[in-house]
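S.K.: One structure coming up, written as structure tokens, with questions to follow.
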Amino acid sequence: MSLFEVRGLVKHFGGLAAVSNVSFRVRKGEIFGLIGPNGSGKTTIFNLISNYHRPTRGTIHFKGKNITGLKTHRISRLGIGRTFQIVKPLGRMTVLDNVMAAAFAKVATKAEARDLALETLAFCGFEHRKEVLAKTLSIGERKRLEIARVMATQPELLLLDETAAGLNPLELERAIELIKKIRDKGVSIVIVEHIMKVMMTISDRIHAISFGQTIAEGTPYDVANNPAVIEAYLGKEYAEG
């Protein structure tokens, strides 16, 4: 049985079909890539999974349970965490306090939250910055803090939305290492990313969409060489070349 599955997912905004009959499964312990050109519906799918938007049609299943329409905080407590394209830490709080705030999703006391936050920061290689105010962090550091915050909720499934965007080459390599480390910890990952180096390096399987519809799914190699994917990214002349 798959850990996570979406079935026939549809989302309309007025007359616009942002997502149209998308289905996929995520196995336990895998990194599942979700790719597509800008505006293809990737973040909308994440928002449907997290119930920031309700699906027009279709269902979402986690560990065999239909979670469609559950409140966002309940989805988080079940074990699904996510990051966001635009990171917004609690700027006037320290890195440690940011992660402690997230840890309260799993623990009840301040002491427990501090212990879990310190453990999470150490895992993410960010403990040395724990006393720094979040508003002073670089974009790369804010991205790492975003991951630390969601990891403090102890997810079984992690949705990563453009975690590598805006990173320099060294930060990018470190981000890839951290994502693999999270997977090795036993957390399944669905990742949205425009940097193909990241997707091809870390994904076990990739699901490609365009204009809200599925156009391919398979190994990174198969998807990268699929004519429909090439056309969606580069144009018809490249797909036929």
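S.K.: Do the conditions hold for F24, that is, is it under 18 Å from the mean Cα position of the chain (by Cα) and within 19 Å of V150 (Cβ to Cβ)? Give the derivation first.
M.R.: On the way: under 18 Å from the mean Cα position of the chain (by Cα): yes; within 19 Å of V150 (Cβ to Cβ): no.
When the stated conditions are applied, F24 does not pass them.
S.K.: Keeping to segment 69-116, report how many residues are assigned to a loop (DSSP other than H, G, I, E, B), surrounded by fewer than 16 Cβ atoms within 10 Å (Cβ to Cβ) and among the polar types (S, T, N, Q).
M.R.: 2
S.K.: Answer yes or no as to whether A148 is modelled with pLDDT of 95 or more, out of contact with any Lys or Arg (no Cβ under 8 Å at 6 or more places or on another chain) and crowded, with 17+ Cβ neighbours inside 10 Å. Talk me through it step by step, then tell me what you get.
M.R.: Working: modelled with pLDDT of 95 or more: yes; out of contact with any Lys or Arg (no Cβ under 8 Å at 6 or more places or on another chain): yes; crowded, with 17+ Cβ neighbours inside 10 Å: yes.
Against the criterion (modelled with pLDDT of 95 or more, out of contact with any Lys or Arg (no Cβ under 8 Å at 6 or more places or on another chain) and crowded, with 17+ Cβ neighbours inside 10 Å), A148 qualifies.
S.K.: Give segment 18-33 a look and list any residue that's assigned to a strand (DSSP E or B) and surrounded by 16 or more Cβ atoms within 10 Å (Cβ to Cβ), or say none. Write out each step before concluding.
M.R.: Taking segment 18-33 as the starting set, the residues that turn out to be assigned to a strand (DSSP E or B) are 18-26, 31-33.
Scanning segment 18-33 gives A18, V19, S20, V22, F24, R25, V26, I31, F32, G33.
S.K.: Separate question: Would you say Q154 is surrounded by fewer than 22 Cβ atoms within 10 Å (Cβ to Cβ), in contact with a strand residue (DSSP E or B) (Cβ under 6 Å, 6 or more places away or on another chain), touching a residue at least 24 places away in the same chain (Cβ under 8 Å) and of a type in the set (S, T, N, Q)?
M.R.: On the way: surrounded by fewer than 22 Cβ atoms within 10 Å (Cβ to Cβ): yes; in contact with a strand residue (DSSP E or B) (Cβ under 6 Å, 6 or more places away or on another chain): no; touching a residue at least 24 places away in the same chain (Cβ under 8 Å): yes; of a type in the set (S, T, N, Q): yes.
Answer is no for this residue.
S.K.: Is it the case that segment 121-132 has a residue that's among the charged types (D, E, K, R), crowded, with 16+ Cβ neighbours inside 10 Å and either touching a residue at least 60 places away in the same chain (Cβ under 8 Å) or part of a loop (DSSP other than H, G, I, E, B) (or both)? Steps first, answer last, please.
M.R.: In the first step, residues of segment 121-132 are kept if they are among the charged types (D, E, K, R); the result is 127, 129-131.
Imposing the further condition that a residue be crowded, with 16+ Cβ neighbours inside 10 Å reduces the set to 127, 129-130.
Next, only the ones that are either touching a residue at least 60 places away in the same chain (Cβ under 8 Å) or part of a loop (DSSP other than H, G, I, E, B) (or both) stay: 130.
There is at least one residue in segment 121-132 that is among the charged types (D, E, K, R), crowded, with 16+ Cβ neighbours inside 10 Å and either touching a residue at least 60 places away in the same chain (Cβ under 8 Å) or part of a loop (DSSP other than H, G, I, E, B) (or both).
S.K.: A further question follows. From (1) more than 16 Å from the chain's Cα centre (by Cα); (2) not assigned by TED's automatic domain parsing to the domain that holds E146, pick out the condition that doesn't hold for M93.
M.R.: Unmet condition: (2).
S.K.: Can I ask one more? Say whether the condition of being in a strand (DSSP E or B) and hydroxyl-bearing (S, T, Y) is met by at least one residue in segment 186-201. Before the answer, list the steps.
M.R.: Step one: filter segment 186-201 for residues in a strand (DSSP E or B), giving 188-192.
So of that shortlist, the ones also hydroxyl-bearing (S, T, Y) come out as 188.
Scanning segment 186-201, I find at least one residue that is in a strand (DSSP E or B) and hydroxyl-bearing (S, T, Y), so the answer is yes.
The values are calculated or read from the model by the stated rules, or taken from the named source; none is laboratory data. No experiment lies behind these values; they were computed from the predicted model shown. In this analysis, Cβ positions are derived from the backbone assuming ideal geometry, glycine residues included, and neighbour counts consider all displayed protein chains.
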